[in-house]
Structures are given as structure tokens and as C-alpha cells.
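I have placed the structure first, in the form of C-alpha cells, so that the comments after it can refer back to it.
The values are calculated or read from the model by the stated rules, or taken from the named source; none is laboratory data. What you are looking at is a predicted structure, and each value in this text was computed from that prediction instead of being measured. With ideal geometry, Cβ positions are generated from the backbone for all residues, glycine too; neighbour counts draw on all protein chains shown. Only protein heavy atoms, including side chains, enter the accessible area calculation; ligands, DNA and RNA are left aside. Shrake-Rupley method; radii C 1.70, N 1.55, O 1.52, S 1.80 Å.
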Amino acid sequence: MTEFKATIGGKPAHVGADFAVLNPATGKEVGRAPNMGGAELDAAVSVAKAAFASWSAQEDAALQAACAAVTAKIEEHAGELAEIITLEQGKPLNGLGSRWEVGGAVAWAGYTTGLSLPARVLQDNEQGRVELTRKPLGVVGSITPWNFPVMIAVWHILPALRTGNTVVVKPSPHTPLSTLRLVEIMNEVLPPGVVNVVTGDDKAFNLGGAMSAHPDIRKIVFTGSCATGQRVMRSAADTMKRLTLELGGNDAGIVLPDADPAAIAEGLFWGAFINNGQTCAAMKRLYVHDTIHDAVCEALVAYARGIKVGDGMEEASILGPIQNRMQFDKVSRLVADAKERGKVLLGGEPGDGLFFPPTIIAGLRNGDALVDEEQFGPALPIIRYSDVEEAIRLANDSPNGLGGSVWSSDIAAAKAVAGRLACGSVWINKHGAIQPNVPFGGVKASGIGVEFAEEGLAEYTDIQVVFA
């Protein structure tokens with residue numbers, strides 16, 4: 001077993017306690033992470049605050065060069081990081097797995113490096129000149145989830161660095177190892193204190209809650225559940241922190257009656273089952289028109305039958321296990337309830353350990369638990385509808401509003417439906433295809449603020465207006 005070190009102030013941080021991280025495919029220990037508390041968090045924030053003075057004073061070109069060096073380092077260690085992700089998260093090395101995740105992290109880091117937020121002249125006339133400038137906030141606290149531990153950390157950290165902020169990142173206790181190594185790698189090319197990491201099992205001390213309330217952290221960027229996001233928002237209120245919250249999504253897909261079932265089956269599957277369904281912007285419920293309902297179900301099931309589920313370290317595996325016992329139990333509960341209400345077309349029975357086969361259940365409706373609750377796992381409910389107006393109403397009947405999709409052979413008709421969906425992103429004939437040059441965020445209970453592109457970069461800054 002490998003003992004992973006936290007990095008605070010550019011150096012390994014030593015604490016007396018640690019905790020085990022398990023491989024969800026085997027149940028075996030794959031490494032140990034430091035079990036840190038308030039003293040270590042204070043130390044990390046303190047060195048980040050001290051480093052901010054010189055880091056934020058650098059010229060824009062120097063910040064850009066530093067981010068380019070970080071990007072190169074991540075790419076240099078891509079294979080190592082991918083293997084750690086698979087061991088602790090469970091996703092396969094191949095396909096849309098850990099190698100793909102690290103490749104995405106490199107792509108996002110590279111694109112973010114190339115962004116800039118130059119001053120804008122709002123007025124320049126006889127009354128005077130007015131410029132809008134953007135200034136870094138200070139210490140950014142990043143709290144990341146277990147589904148994409150490296151890619152989401154990069155989504156949080158790189159825009160913070162690019163805008164002159166310093167960072168303290170806290171990964172999920174389920175998947176801390178890849179983030180510990182990622183920050184160690186970053187510190188090979190960054191000044192001490194610019195990026196720091198703290199880890200804990202959240203049993204004796206709530207690191208995330210302490211970060212949200214910490215007076216010297218100016219911003220929290222959090223990706224995770226709606227319930228936890230609400231707690232972050234409450235605990236951040238007293239210090240008036242800036243917040244970017246990317247929270248749960250119970251994304252709906254609508255298949256219009258003119259869609260070609262065979263042509264869309266593969267896209268439907270990966271829209272729902274990417275990362276074993278453990279993706280905020282995965283398709284969590286599918287509304288299919290009555291006239292092609294059975295054909296869509298048949299085509300989707302036929303494609304899903306060819307997907308191999310197994311240990312992520314085996315090159316032939318396409319999907320892995322559910323990452324942790326709590327999530328496995330939730331998916332099992334929702335599927336068991338759905339089996340009483342609908343018709344199981346594929347899967348439906350838990351496998352060994354934390355493995356759960358791709359499950360597709362038809363005959364469900366709004367009000368059923370698997371439709372109303374975000375399952376965050378490999379189970380897709382299919383809901384039959386007969387009127388497009390009804391489908392739009394049912395799709396919008398959710399407190400969440402992260403993403404949605406429309407599937408049709410008529411792009412104009414699909415766009416017309418897309419414009420009426422209450423969500424932050426809508427895809428046509430695909431689902432969840434986020435890009436680093438496109439802002440991403442939710443509406444309603446799915447979050448506050450956006451990530452990616454210039455709009456996401458701006459969220460790491462304060463506006464200052466200069467009148468001359």
C-alpha cells in the first residue's frame with residue numbers, strides 16, 4: 001500500500017493519523033491519505049494567504065506561463081494519474097474512463113491557460129474615462145466530488161490560478177489519492193503556497209464545513225449534491241464568500257416522434273451511462289413518444305447488452321463498479337422500487353460487491369422515485385408520452401435544472417422544444433457534451449454561477465471600476 005502525502009506550502013504535510021482508501025472493484029486498500037483537521041486547514045489557508053501577495057502581483061503573461069507549465073506537468077504524468085483514478089474511483093482505464101478523464105483535464109487546463117480578462121473601457125469622452133478591471137479574490141477553497149476527482153479539481157484550480165488567486169483544495173474522502181498526487185505534481189512548477197491540499201475522512205472533523213466558514217477563504221467552488229451545496233451556502237453566509245456551486249441534476253431527455261431509434265441508441269446510452277451514470281449532467285430520465293417507444297427501448301437495450309462491466313484495471317472493461325456503498329445502496333433502493341412499478345428491460349439485480357449492471361426500466365412515470373430522485377448510477381427510467389406539450393411539462397417538473405436533451409431528425413423542431421426546457425444546457429441528439437469554451441451551470445436547485453470559458457473565469461474575480 002502507498003501512503004500519499006498532502007502538500008501545504010510546497011512541502012509534504014505530516015500528521016499523525018491517516019485513513020484507508022479502498023478500490024470499489026475489489027474492496028481492497030489501495031492507499032492511505034492524511035486524516036487532517038482544523039490545525040492543518042488553518043495552516044494551508046495561512047500559507048495560501050501569504051502566497052497570494054506575490055502571486056496576484058505577477059504580470060498576466062507570467063500567470064499564463066505558470067498555468068502552461070502546470071498543464072504540461074499534468075500531461076507528463078497522465079498515465080500515473082489515470083491508474084490512481086481507476087484504483088480509487090473504479091472507472092475503467094479505457095474508453096470514457098480514467099485515461100479519458102485525465103485527457104479532458106489536460107484539455108481544460110490548456111484552454112483555460114489561453115483565456116484572459118483584459119480591462120474594458122466603458123467610457124472615454126469629455127466627461128472622463130471609465131475602465132472596468134477584474135482583480136483576484138484571494139484564497140479560493142475548492143471542494144471536489146468522487147466521480148471525476150482529477151478533472152473537476154482542474155476545473156476548479158486552473159481558473160483560480162489564471163486569475164491570480166491561490167488555492168486550498170479538499171477532495172472527497174472516497175477519492176483523495178489522485179488529487180493528492182495532482183497537487184504534488186503542480187507544486188513541482190508553482191511557488192510554495194499557491195496550491196495546497198487537505199484531506200480527511202469527515203468523521204471526526206468536517207473539513208468542508210470548516211472551509212465554507214473560514215474567514216480567510218474568499219470564495220468556495222463546490223461540485224456535489226444539492227443538499228451539501230445548501231449547507232455550503234449557509235455556512236458561507238457570515239463571511240459573504242463568493243460561491244460557484246455546481247449541484248445535482250436530474251436531467252431529462254425527450255425523444256420526439258420523428259427520431260430514428262437505431263441512429264440514437266448509442267447516444268442515448270452514453271448520455272445516461274457515462275461514468276456508470278455517476279455524472280451530474282448525465283441523462284437521468286428519458287421521455288419517449290408513444291409511437292416509437294417500443295422501438296427506442298429495443299434499440300437501447302440491444303446496444304446496452306454489449307457493454308462489458310468489470311474491474312477497471314482490466315483493459316476489456318467498459319464500465320466499472322459504483323464508487324461507494326452509500327451510492328450503491330441508493331441505486332439498489334430506487335431500482336427495487338421501480339421494479340414494483342414498471343417493467344425491467346435490462347439488468348435490475350445488484351451484482352457482486354459494488355457492481356451493478358446497466359439497468360433500463362420502462363413503464364414508469366413522474367412521481368415514481370427513480371424518476372423524481374437523482375439516482376447517480378447505472379439505472380435509467382423510460383417514461384412514455386403521447387403529446388409533446390406533456391413531455392415538456394414533465395421534463396420541467398423537477399427542482400433541478402442542470403441539463404436536458406432533445407432527440408429528433410428535425411433540428412428546427414428539436415430547437416423549439418429545447419428552448420422551453422428549464423435547464424442551463426440543452427443538447428440536441430446528444431447529452432452531456434460539455435466543452436471548455438462554453439459556460440456550464442444550472443438553474444433552479446442545480447446551482448449558482450457557471451464554470452468554463454470567459455464567463456467561468458470571471459467568477460474568480462472582483463470587479464473594480466476606475467474613473468479617471
Subject >> the stretch 352-450: relative contact order as a whole-number percent, Cα under 8 Å and 6+ apart >> reply: 22 percent
Original post:
Using only the Cα atoms of the stretch 1-116, what do you get for the radius of gyration and for Dmax, in Å?
Top reply: 17.1, 49
**OP:** Mind grabbing the accessible area of residue 3 for me, 1.4 Å probe, Å², rounded to tens?
**Re:** 110 Å²
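Averaged over every viewing direction, what's the projected area of the C-alpha convex hull for the stretch 221-364? Give it in nm², one decimal, please. Show your work: numbers first, answer last.
Numbers: hull surface 42.7 nm².
Averaging across all directions leaves 10.7 nm² for the Cα convex hull.
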**OP:** Evaluate the charge dipole of the stretch 122-204 about its Cα centre and quote only its size in Debye, nearest 20, assuming +1 on the Cβ of each Lys and Arg and -1 on the Cβ of each Asp and Glu.
**Re:** 120 debye
Original post:
Any idea how far apart residue 61 and residue 326 come out in nm if each label point goes 7 Å out from Cα toward Cβ?
Top reply: 4.8 nm
Original post:
For all pairs of alpha-carbon atoms in the stretch 3-64, what percent lies in each bin of width 10 Å, listed from the first bin to the last filled one?
Top reply: 19, 33, 25, 18, 5
Original post:
With +1 on each Lys and Arg Cβ and -1 on each Asp and Glu Cβ, how big is the dipole of the chain about its Cα centre, in debye rounded to the nearest 20?
Top reply: 720 debye
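Ignoring ligands, DNA and RNA, how do 239, 2 rank by accessible area with a 1.4 Å probe, largest first?
Values: 239 50, 2 75 Å².
Result, largest first: 2, 239.
Set the bar at 20 Å for Cα to Cα. Now go through 284/339; 49/170; 170/241; 343/444 and name every pair that lies beyond it.
Values: 284/339 17 Å; 49/170 16 Å; 170/241 17 Å; 343/444 31 Å.
Exceeds cut-off: 343/444.
Enter the accessible area per residue of the chain (Å², integer; probe 1.4 Å; all protein chains in place).
I get 38 Å² per residue for this part.
Based on a Kirkwood Rh over C-alpha pairs, give the Stokes-Einstein translational diffusion coefficient of the stretch 315-366 at 10 °C and viscosity 1.306 mPa s in µm²/s.
Details: Rh = 11.7 Å.
Using the Kirkwood radius from Cα pairs, D works out to 135 µm²/s.
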Original post:
If each of residue 302 and residue 3 carries a label point 7 Å out from its Cα toward its Cβ, how far apart are those two points in nm?
Top reply: 5.7 nm
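Summing +1 for each Lys or Arg and -1 for each Asp or Glu, what net charge is found among the other residues whose Cβ lies under 15 Å from the Cβ of residue 173? Display every interim value, and only then the final one.
Values: positive: 32, 170, 203, 325; negative: 18, 29, 40, 88, 201, 202.
Neighbourhood net charge equals -2.
Would you mind telling me the share, in percent, of accessible area of the stretch 311-370 contributed by carbon and sulfur at probe 1.4 angstrom? Intermediate values should be presented prior to the final figure.
On the way: 1380 of 2700 Å².
It is 51 percent, rounded to a whole number.
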Subject >> In nm, spacing of pseudo-spin labels at residue 393 and residue 80 (7 Å Cα→C-beta vector) >> reply: 5.8 nm
Original post:
With the dipole of the stretch 117-162 worked out from charges on the C-beta (+1 for Lys and Arg, -1 for Asp and Glu) around the Cα centre, which of 151, 123, 137 lies farthest toward the positive end?
Top reply: 151
Original post:
Under the rule of -39500 (n - 2.57) per DSSP H run of 4 or more residues, summed and divided by the residues of the chain, what mean residue ellipticity at 222 nm is obtained, to the nearest 500 deg cm²/dmol?
Top reply: -11500 deg cm²/dmol
Original post:
Based on the Cα gyration tensor of the chain, what are the three equivalent ellipsoid semi-axes, each the root of five times an eigenvalue, rounded to whole Å and given largest first?
Top reply: 38, 28, 19
Subject >> Calculated SAXS-style log₁₀ I(q)/I(0) at q = 0.25 Å⁻¹ - the stretch 150-210, Debye, Cα scatterers >> reply: -1.10
**OP:** Return the whole-Å distance between the Cα centroid of the stretch 9-36 and the Cα centroid of the stretch 240-269.
**Re:** 35 Å
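Pulled fully out, how much extra length does the chain show between residue 263 and residue 42, if you take 0.36 nm times their separation in residues and subtract their Cα-Cα distance?
Numbers: separation 221, 0.36 × 221 = 79.56 nm, distance 5.43 nm.
Taking residue 263 through residue 42 to full extension adds about 74.1 nm, to one decimal.
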Original post:
Any idea what diffusion coefficient the stretch 184-261 gets from Stokes-Einstein, in µm²/s, Kirkwood Rh on alpha carbon pairs, 10 °C, 1.306 mPa s?
Top reply: 102 µm²/s
Original post:
What does the charge add up to near residue 130, with Lys and Arg as +1, Asp and Glu as -1, over the other residues with Cβ less than 12 Å from its Cβ?
Top reply: 0
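Filter the DSSP H helices in the chain by two things, a Kyte-Doolittle mean of at least 0.5 and an axial alpha-carbon span of 18 angstrom or more, and list the hits by number. Don't jump to the answer; show the numbers that get you there.
Working: long enough: 38-56 (26 Å, 0.68); 60-76 (24 Å, 0.53); 98-113 (22 Å, -0.04); 149-162 (20 Å, 1.34); 325-341 (24 Å, -0.92).
Span-like helices here: 38-56, 60-76, 149-162.
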Original post:
Do you know the relative contact order of the chain, to the nearest whole percent, from alpha carbon pairs under 8 angstrom that are 6+ apart?
Top reply: 19 percent
Original post:
Along the positive direction of the dipole of the chain (beta-carbon charges: Lys, Arg +1; Asp, Glu -1; about the Cα centre), which of 192, 64, 408 reaches farthest?
Top reply: 192
Subject >> the chain: antiparallel DSSP beta bridges as a percent of all, rounded to 5 >> reply: 40 percent
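Under 14 Å from the Cβ of residue 256, count the other residues' Cβ atoms, weight Lys and Arg +1, Asp and Glu -1, and hand me the total.
Numbers: positive: 384, 415, 420; negative: 258, 260, 290, 387, 389, 390, 410.
Overall, the nearby charge balance is -4.
Give the percent of DSSP beta bridges with both residues in the stretch 278-426 that are antiparallel, rounded to the nearest 5. Before the final figure, lay out each step's value.
Values: 3 of 14 bridges.
About 20 percent, rounded to the nearest 5.
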Subject >> By accessible area with a 1.4 Å probe, ligands and nucleic acids excluded, highest first: order of 461, 291 >> reply: 291, 461
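Run the numbers for residue 443 and residue 11: contour at 0.36 nm per residue of separation, minus the present Cα-Cα distance, in nm.
Taking 0.36 nm per residue and subtracting the Cα distance, the gain is 151.5 nm.
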**OP:** Can you figure out the FRET efficiency of residue 369 with residue 468, using R₀ = 56 Å and their beta-carbon distance, to the nearest 0.05?
**Re:** 0.40
Original post:
Rg(Cα) of the stretch 317-429 divided by 2.2 N^0.38 Å?
Top reply: 1.17
Subject >> Once the Cα gyration tensor of the stretch 356-410 is diagonalised, semi-axes √(5λ) in Å >> reply: 19, 14, 13
